[in-house]
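Report on one structure; see the data block that follows.
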Amino acid sequence: MLASNIKRLLSPPEFPEDEIKHRVAYRLHIVSLALVVLTLLYSIVWMLVQPDLLHRLIFSVAMIVVCVIVIICVRAGQVKFASHIFLASFWILVTLVAGTAGGTRAPIFSLYILAIMSAIIFSGWRVAIFYGVLTFISGATMVYLANQGLIAEPFATPMSAFLTQASVIALAILHGFVIVRDMQGNLDKAQQSLLELEDSEERFRLISSVTSDYTFSSKLNEKGELDHILLTGAFEVMTGYTPEEFIEIGGWRSTLHPDDMAQDEQDIARLRQNQPVISELRTIHKKGDIRHVRIYALPVFDETENRLIGINGGVQDITEEKHLEIQLKAYNVKLEDLVNERTNELRQAKEQLELILKNTTNALAFANQQGDLLITNPAFQEFFNVEETNAIEYILWAISDAEQLGDISEALLQTIYDGTNHRFETKIRVEESVKDLDLSLIAVESNLRENDIEHSVLLSGHDITHMKEIERFKEQFVADAVHDLATPISGMSTRLYLLKRSPEKLQEHVRALDNQVKHLKNLLEDLRTLSQIDRNMLVLNLESANINDIIQRVYDTYEPVAIDKSQSLDINLEQNLPLLTIDSRQIERVLVNLVSNAVNYTPENKNIQIQSIKKDEGVLIQIKDEGIGIGAEELEHIFERFYRSDEARASLSSGTGLGLAITKQVVELHNGTITVDSKLGEGSIFSLSLPLP
Ligand code: ADP
């Protein structure tokens, strides 16, 4: 327990966090302990040898006290303070010892001066003043102690003089040592800088050797030629020569491409005028291939003699760059070709589009968001009587239906703002007539600003007038057919009713029914023929025929009917008519229809005439009657299906209204024509022309 306590007391404190503090504390501790032990031993020996001079042990006591204070301070962690106390005490001690040994009269005085000077030199003024004050205090103490008789009167002995000299020498050596050490330090630093310089030069060489450029420094010799004094970096890689080989073959100009000599001379001339040069030249590599280089040359100019004395600069290998440039040019040309090709394609496409726009019967126009018509094709211009520069609402002028006008103008706005498409079947006024138009308003998105999309409008108008006519015609046709079928059927049912009521008049009823059935048959037959014509199913059985024969047959058939009606039916045929290529059956049917009409619509005692006349282009057949005739307004309708004049309907003849429509179609299938000339109440002339084969 005691041993461990003593051990703990004797072992120095540890300051692992601060290495310098730890080291100083350790040394102070050891030295102080050692001094305590040594002083104790010295005091014991002194007491044994000179017990009468015990008062002189005051130094030993002082020493032990100081050492104990130092140890306590060190253990308390006040290492810096402890070191100050230690040094100050030690200085006082040294002063006292020195004073005792020689006094102020001895050369020890110079020791003080030297010590203070050294302190100034090595430690600064503050430390020098501190030790100077300490020296003064210790000197005063020493005088006081001597006056009290506690220490001997200071005097100079050979030993003290020697000690003083030794101290001076020691200090001088110390001084010298410090100076030498400083010099050594400076030398080391210089050495270090030199090494760093060498290192950086080495690095520079290394970097230069891996770059694709090289630098040069040349001097102009007495002959005015360039001597290369420095060639660094990638010189060997770029030229293929070592600097020695390069100089040997004649230097720069001997590696230059012959075509670039003139350029080089110009460059040199500029350098001679003290102007820097950046130039692109070609050099020839040792292996023979051509290198493109860019030269940056700076003149070294002697201002006093006003002449060029050297050139410094760098040479950059731009072969790759040049190749790329050439490639780029080739790409450019290719690109230009492509652009031209594309432009041509676009032009062609534009021309094609314009051609389509120009020739289509569809009316097409394109209007922007502001409603300006940007493109209109001729069909559109014709329909709406507008031009490209007009505003879109101009098209509304052409619309004939007032009710639709509002709808269409609203739809236009919706197309622009909401992007909705619209389609109308409308009627527009084109000059004097009215046309049916299928009008489409198509929105074409065009992004103006974000969240604010308005639309361009594509207007497309398709003329459906003809289609509408056919539609109307079909509707009329069906209505007429239904009506004309219903008439004989209701006639038949009436007759059947009468038959039941008066069966005794059977013969009369049967005859009436027979007529109705015949009428229905005719109607059906005519409808079938028309349907065949409409579907292009009526195939003409063409053959060479004498038209007079056919006329004669028809005449023979109808003569009894005419006689029956007290009409005179005459025939007047021109002989030696040329043969015609016709379908005899169909032409006979045509003639039957015309002759039967004449008989039907001609009153009793009137005359009907059939004649054939030879013409240059073929044969003309005329059927003239003195019948009821046809009114001027009705004339244009008599070839329409189901058309019957009011007079015809009133005449109670059982016509279907289809005969002339079929006649016209059959004649036209034979490339012939049929015309009518008639006056109401006076009679009619139907003229049928059939061409030569
Ligand atoms: P329909 O069966 O009624 O005769 P068509 O097509 O043959 O039909 O004739 C059409 C109409 O033309 C007749 O209904 C009649 O009004 C008129 N028409 C034709 N031929 C004559 C004619 N010779 N004289 C007067 N009117 C005629």
* Asked: log10 I(q)/I(0), Debye, Cα-only segment 277-352, no solvent, q = 0.20, 0.24 Å⁻¹?
  -> -0.92, -1.04
* Would you mind working out the magnitude of the charge dipole of segment 1-62 relative to its Cα centre, with +1 at each Lys and Arg C-beta and -1 at each Asp and Glu C-beta, to the nearest 20 Debye? => 100
* Using the scaling law 2.2 N^0.38 Å as the reference, what is the normalised Cα Rg of segment 405-492? -> 1.76
* Structure fact -> Cα convex hull volume per residue for segment 1-45, in Å³, equals 55
* **Neighbourhood charge, 9 Å Cβ-Cβ cut-off, centred on ILE630 and excluding it, Lys, Arg +1 and Asp, Glu -1** => -1
* For segment 381-488, with the dipole built from +1 on Lys and Arg beta-carbon atoms and -1 on Asp and Glu ones, taken about the Cα centre, which of ILE464, SER433, PHE477 lies farthest toward the positive end? -> PHE477
* To do: Note down the magnitude of the dipole of segment 363-502 about its Cα centre, charges +1 on Lys and Arg C-beta and -1 on Asp and Glu C-beta and zero elsewhere, to the nearest 20 debye.
  => 1320
* Asked: Scaled to the compact-protein estimate 2.2 N^0.38 Å, what is the alpha-carbon radius of gyration of segment 252-299, rounded to two decimal places?
  -> 1.15
* **Positive-end extreme of charge dipole, segment 556-683 - chosen from GLY681, THR602, ASN671 (charges on Cβ)** => ASN671
* **Farthest toward positive dipole pole in segment 580-652 [+1 Lys/Arg, -1 Asp/Glu at C-beta], among LEU620, SER651, GLN586** => GLN586
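Rounded, prolate or oblate: which fits segment 617-688 when a ≥ b ≥ c are the square roots of the eigenvalues of the alpha-carbon gyration tensor, with rounded for a/c under 1.5 and prolate only if a/b beats b/c?
Oblate, because a/c is 1.5 or more while a/b does not exceed b/c.
Rule-based calculations on the coordinates, nothing more; no lab input. No experiment lies behind these values; they were computed from the predicted model shown. Glycine also receives a Cβ, built like all others from the backbone with ideal geometry; neighbour counts cover every protein chain displayed.
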